[in-house]
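What follows draws every value from the coordinates through simple rules; no lab data is involved. Quick caveat, the model's predicted, so the values are computed rather than measured. Quick reminder, even Gly has a Cβ in these numbers, built from the backbone with ideal geometry, and neighbours come from all protein chains shown.
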Amino acid sequence: MPHPTDLDLTPRDVADLASPDAITALLTKLGYDTADRTLLSPGAVGLAGESACAIKRIELLSEDPEQFLRVVFAQPKSLTAKVRNDLVRVLGKSNLDHVLILASDFDTLEFVFLDKRKREQKGPIGGARIQVVPKTFKLDRRHSTPLERRILRRFTWTCRDALEQFVKLRSVFDAAAYTGEYFQNRGLFSDYFLRDRLREDPAWRDNPSEMFHRATDCRASVSSNDHRLHDTSGGRNQRGRSCPWRHRSNRALGAGPGSTTVPRPHRPHFVPSGGSDGCRGARA
């Protein structure tokens, strides 16, 4: 059953992923159909020889009713790039779309998205072929970060069918490759500037709590003196009566001691007047 929005996940939800049953329970919570969960054999998916011996357990955890998208769990003896590539190679030959979950000792979970792309072959033969591009996202089960949980919650099934969900998962794995805790950039210089250089600025080390406290005191003063600022008939401001809270608010915001108005931001001396050349201005 699709969810209207992505579900929030807690560190406890991730820490409990210590078995295939727990992973299946999480998929069910996220909206995946796990009714046809089936235990497979390495030979059934196309593995043989050393590749088959490297797998301790392989299981189909989820499959949509139209049989477009599958989620397969595999537990290798050791989580290596060779094991991952062997599984990607055999599963990529299928006409179905796959998401692969790998875990050896369940300390680290590896999610692999099999993205199929059409490539034009070069040479005299030419033609198009399907290339399987694996996209990987790793999750530390015991010490998951807010960023990892934010990516995992995007796995929630919120689409109408498996084809739309596949497109969503593709964008999730693309974003997981470059997303940060506070921003999403693709390896730009701004990444280094936001993470390192900006923190070296002296203004970054200023403590804003003093200004927040002064603003809070001003708001509290407004509430406590509200009955003094209105008459009993129509709720209009009383004439001729000073407003002590206003003077304190203005002083906190930088106004002079005798001023009753908040200083306005600086305006330019000239503003565009809409002349024929677009550059002529009038003094503000």
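For the residue pair THR5 and VAL167, what label-to-label distance in nm results when each label sits 7 Å from Cα along the Cα-to-beta-carbon direction?
Inter-label distance under the simple model: 2.3 nm.
For VAL83, VAL167, which order do you get if you count the other beta carbons within 10 Å of each Cβ and list the fewest first?
Lowest to highest Cβ neighbour count: VAL167, VAL83.
Work out the FRET efficiency for ALA35 and ALA128 from their Cβ-Cβ distance, taking R0 = 45 Å, and round it to the nearest 0.05.
Rounded to the nearest 0.05, the efficiency is 0.80.
Starting at the first residue of segment 135-147, write each ³J(HN,Hα) from the Karplus equation 6.51 cos²θ - 1.76 cosθ + 1.60 with θ = phi - 60°, in whole Hz, x for Gly and Pro.
For segment 135-147, the Karplus curve yields 10, 10, 9, 9, 10, 7, 5, 6, 10, 6, 9, x, 5 Hz.
Return the FRET efficiency for the residue pair GLU200, GLU66: r is the Cβ-Cβ distance, R0 is 51 Å, and the value is rounded to the nearest 0.05.
Given R0 = 51 Å and the Cβ-Cβ separation, E is 0.40.
For segment 36-139, compute Rg over Rh where Rg is the Cα radius of gyration and Rh is the Kirkwood radius from the inverse mean 1/r over Cα pairs. Can you show the working numbers first?
Values: Rg = 14.6 Å, Rh = 14.5 Å.
That ratio equals 1.01.
Going through the cross-link list LYS56/LYS135; LYS93/LYS138; LYS116/LYS168, which pairs have a Cα-Cα distance over 19 Å in this structure?
On the way: LYS56/LYS135 23 Å; LYS93/LYS138 24 Å; LYS116/LYS168 14 Å.
Violating the 19 Å Cα-Cα cut-off are LYS56/LYS135; LYS93/LYS138.
What order do you get for 71-77, 170-176, 130-136 when each peptide is scored by the mean count of other beta carbon atoms within 10 Å, highest first?
Listed from highest to lowest mean packing, they are 71-77, 170-176, 130-136.
What is the local net charge at LEU100, summed over the other residues whose Cβ is closer than 10 Å to its Cβ (Lys, Arg +1; Asp, Glu -1)?
+1
Hey, fewest Cβ within 10 Å first, where do LEU7, LEU17, LEU61 land in order?
Arranged by neighbour count, lowest to highest, LEU7, LEU17, LEU61 become LEU7, LEU17, LEU61.
Quick one: TYR32, TYR178, fewest Cβ neighbours within 10 Å first, how do they rank?
TYR178, TYR32
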